[in-house]
Amino acid sequence: MSNIQSRALFLDRDGVINVEKDYLYRIEDFEFIDGIFELCKHYQDMGYKIFVVTNQSGIARGYYSEKDFTALTAWMLEEFTKHSIEITQVYHCPHHPDISGECSCRKPKPGMLLRAKDEYGVDLNSSIIIGDKERDIEAGLNAGLSETYLFNETQEIKNSKATKIVSKLNDIWKEKC
Ligand SMILES: [Mg+2]
Ligand SMILES: [Zn+2]
């Protein structure tokens, strides 16, 4: 364990890393979103640790199993590795309040982000989250993050508590260079 606090880039999975498809768990349905590797590379080069924080209520609902999720995650991580990107950890919430009861990890709750702080010494205050739903943004705000981005390709969402609403992943980091 290091005492050095690190900044983190938190990524929602469905709708940020891969094209949103309902209750996706098959590798053949997993389609990376344009710009995700470049975005990760940028933040990795800046010293950010990258975490995936994903609600997977399909597990509670019985649409797919923990094993399915783990297999897809292993494949996804390999694809990131091929692009020289290291994902520090993938946190998922398998729960749904109506089925498995309340939990502390399902976004908008900040549980998964707090775990990253506890387990990897992440400085939440200087960390970033990117999500495609307002509950991702709220999880970030509930964890005390300073930068939050709502990725909305269709430009349908006009109101958000996010720092910025973007329709391309590149818009999050490219103008800063
Ligand atoms: Mg999503
Ligand atoms: Zn949970």
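For the stretch 1-109, give the magnitude of the charge dipole about the Cα centre (Cβ charges: +1 Lys/Arg, -1 Asp/Glu; no others), in debye to the nearest 20. Don't skip to the end; give the middle numbers.
On the way: 12 positive and 17 negative charges, 88 e Å.
Charge dipole, the stretch 1-109, about its Cα centre: 420 debye, nearest 20.
Could you state the accessible area per residue of the chain in Å², with a 1.4 Å probe and every protein chain left in place? Present the calculation step by step, with values, prior to reporting the outcome.
Values: 8900 Å² over 177 residues.
I get 50 Å² per residue for this part.
Filter the trypsin sites (Lys or Arg not before Pro) in the stretch 128-177 to those in DSSP coil with at most 15 other Cβ atoms within 10 Å of their Cβ, and list the result. Please list the in-between numbers first.
Numbers: sites: Lys133, Arg135, Lys158, Lys161, Lys164, Lys168, Lys174, Lys176; in loops: Lys133, Lys158, Lys161, Lys168.
Within the stretch 128-177, the qualifying trypsin sites (Lys or Arg not before Pro) (loop, at most 15 other Cβ atoms within 10 Å) are Lys158, Lys161, Lys168.
Leaving ligands, DNA and RNA out of it, work out the accessible area of Phe32 with a 1.4 Å probe and give it in Å² to the nearest 10.
Spelled out: Phe32, probe radius 1.4 Å, area about 50 Å².
Using a 1.4 angstrom probe and counting only protein chains, how large is the accessible area of Thr154 in Å², to 10?
Roll a 1.4 Å probe over it and Thr154 shows about 90 Å².
Under 1.5 on a/c is rounded, so check that first for the chain, then, if it is not, pick prolate when a/b is larger than b/c and oblate when it is not; a ≥ b ≥ c are the square roots of the alpha carbon gyration tensor eigenvalues. Don't skip to the end; give the middle numbers.
On the way: a/c = 1.24, a/b = 1.19, b/c = 1.04.
Taking the square roots of the gyration eigenvalues as a ≥ b ≥ c, the chain is rounded.
Scanning the chain for GluC sites (Glu not before Pro) in DSSP loops with at most 10 other Cβ atoms within 10 Å, what's the longest stretch left with none?
1-101
Would you look at the GNM of the chain, springs on alpha carbons closer than 10 Å, and say which of Asn18, Asn55, Asn159 moves the most?
Most flexible of the set in this elastic network: Asn159.
Among Asp12, Asp136, Asp34, determine the one that fluctuates most according to a GNM of the chain built with springs between C-alpha atoms less than 10 Å apart.
Asp34
If you find the alpha carbon centre of the stretch 10-82 and of the stretch 127-165, how far apart are they in angstrom?
Here the two parts' Cα centres lie 17 Å apart.
Would you calculate a helix-derived [θ] at 222 nm for the chain, using -39,500 (n - 2.57) for each DSSP H run of n ≥ 4 and dividing by the full residue count, to the nearest 500?
Details: 7 runs with 58 residues, N = 177.
Calculated mean residue ellipticity at 222 nm is -9000 deg cm²/dmol.
Which whole DSSP H helices in the chain pass both tests: a Cα extent of 20 Å or more along the axis and a mean Kyte-Doolittle value no lower than -0.5?
Working: long enough: 66-82 (24 Å, -0.36).
Qualifying helices, which must be both long enough and hydrophobic enough, are 66-82.
Top to bottom by accessible area (1.4 Å), largest first, where do Asp98, Asp68, Asp132 land? Could you put the intermediate results ahead of the total?
Numbers: Asp98 135, Asp68 55, Asp132 25 Å².
Result, largest first: Asp98, Asp68, Asp132.
In whole percent, how big is the carbon plus sulfur part of the accessible area of the chain, probe 1.4 Å, protein atoms only? Provide the component values of the computation, followed by the final result.
Details: 4210 of 8900 Å².
The computed percentage sits at 47.
Please give every one of the lysines within straight-line cross-link reach of Lys109, meaning a C-alpha to C-alpha distance under 17 Å, and leave out same-chain neighbours fewer than 8 residues apart.
Cα-Cα hits under 17 Å: Lys117, Lys133, Lys161.
Express the relative contact order of the stretch 10-110 as a whole percentage, based on alpha carbon pairs under 8 Å and six or more residues apart in sequence.
Values: 125 pairs, mean separation 30.2, N = 101.
Taking the mean separation of contacting Cα pairs over the length of the stretch 10-110, I get 30 percent.
The values are calculated or read from the model by the stated rules, or taken from the named source; none is laboratory data. Nothing here was measured: the structure is a model prediction, and the numbers come from that model. Counting neighbours? That spans all protein chains shown, and the Cβs are built from the backbone with ideal geometry, glycine included. The protein model used for the area step is the full one, side chains on, heavy atoms only, and it has no ligands, DNA or RNA in it. Shrake-Rupley method; radii C 1.70, N 1.55, O 1.52, S 1.80 Å.
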